[in-house]
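Worksheet: the structure to be examined is printed underneath.
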Amino acid sequence: MDIVIRPARAEELEEAGRITVEAFVGDGFTSPDSAYVQRLRDAATRAAEAELLVAVDAAHGTVLGCVTFAVGGTEWADIATPEEGEIRMLATAAAARGRGAGEALVRAALARSRELGLAGMAFSTQPEMTTAHRIYERVGFRRTPERDWSPVPGIDLMVYSMAF
């Protein structure tokens, strides 16, 4: 399957939000009752305030997944410094898993960081997101435990980073 990575279009925002909720809630990483679900669903705000990249099936135009890219120090960056890029809310539709969309989105975020002349990337992930961890490590990210953090009590996040 040919996958195209590009900025999300207005008509794809609802689907991108649905896929993000499906991945985080459906895979058990976020409670369906969490206030975070609305933030996951709100792809339009992510696209307006950061960069929302989508993976699209080139033959059918179907959105396969998405990721939010932000520069450190901006509204959507949690852990990256102003010299780093950060990915947030990486999600792949359940039906598209194993096709390379997640890895393509991560590689596109890396390319975007380099385009902007940033010194590297850093981002947070939940310890249970082991499939994503394999992608990050395959692409060249390394665990940075000294940067691990907790946004709220009971939620412990691991940090991966890469210097260019």
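Just so it is clear, none of the values below were taken in a lab; they were calculated from the coordinates. Since the structure is predicted, the reported quantities are computational estimates derived from the model, not experimental observations. When we count neighbours, we look across all protein chains shown, and the Cβ atoms used for this are built from the backbone with ideal geometry, even at glycine.
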request  = List the relative contact order of region 3-163 as a percent without decimals, with contacts defined as Cα pairs under 8 Å and 6+ residues apart.
outcome  = 19 percent
note = Output row, site D2, 7 Å Cα→C-beta label point, backbone N cut-off 20 Å, window region 81-99, residues 96, 99
request  = Have a look at E137, E15, E146 and tell me which one the Gaussian network model of the chain (Cα, springs below 10 Å) gives the largest fluctuation.
outcome  = E146
query = How high is the FRET efficiency between E22 and E83 when r is their beta carbon distance and R₀ equals 41 Å, given to the nearest 0.05?
reply = 0.80
remark   = Once S31 and E137 are pulled to full extension, the length gained, defined as 0.36 nm per residue separation minus their Cα-Cα distance, is 35.5 nm
inquiry  = I need the semi-axes of the equivalent ellipsoid of region 75-121: take the C-alpha gyration tensor, multiply each eigenvalue by 5, square-root it, list largest first in whole angstrom.
reply    = 23, 13, 6
task = For region 1-144, list log₁₀ I(q)/I(0) at each q in 0.10, 0.11, 0.13 Å⁻¹, using the Debye formula over Cα point scatterers of equal strength and ignoring solvent, two decimals each.
result = -0.29, -0.36, -0.51
request  = Please give the peptides 73-82, 104-113 ranked by average Cβ packing (other Cβ atoms within 10 Å per residue), highest first, as a rough proxy for protection.
outcome  = 104-113, 73-82
query = Which cross-chain or sequence-distant (5 or more) residues have an amide H under 5 Å from the amide H of L64, H modelled 1.01 Å from N in plane?
reply = A55, V56, D57
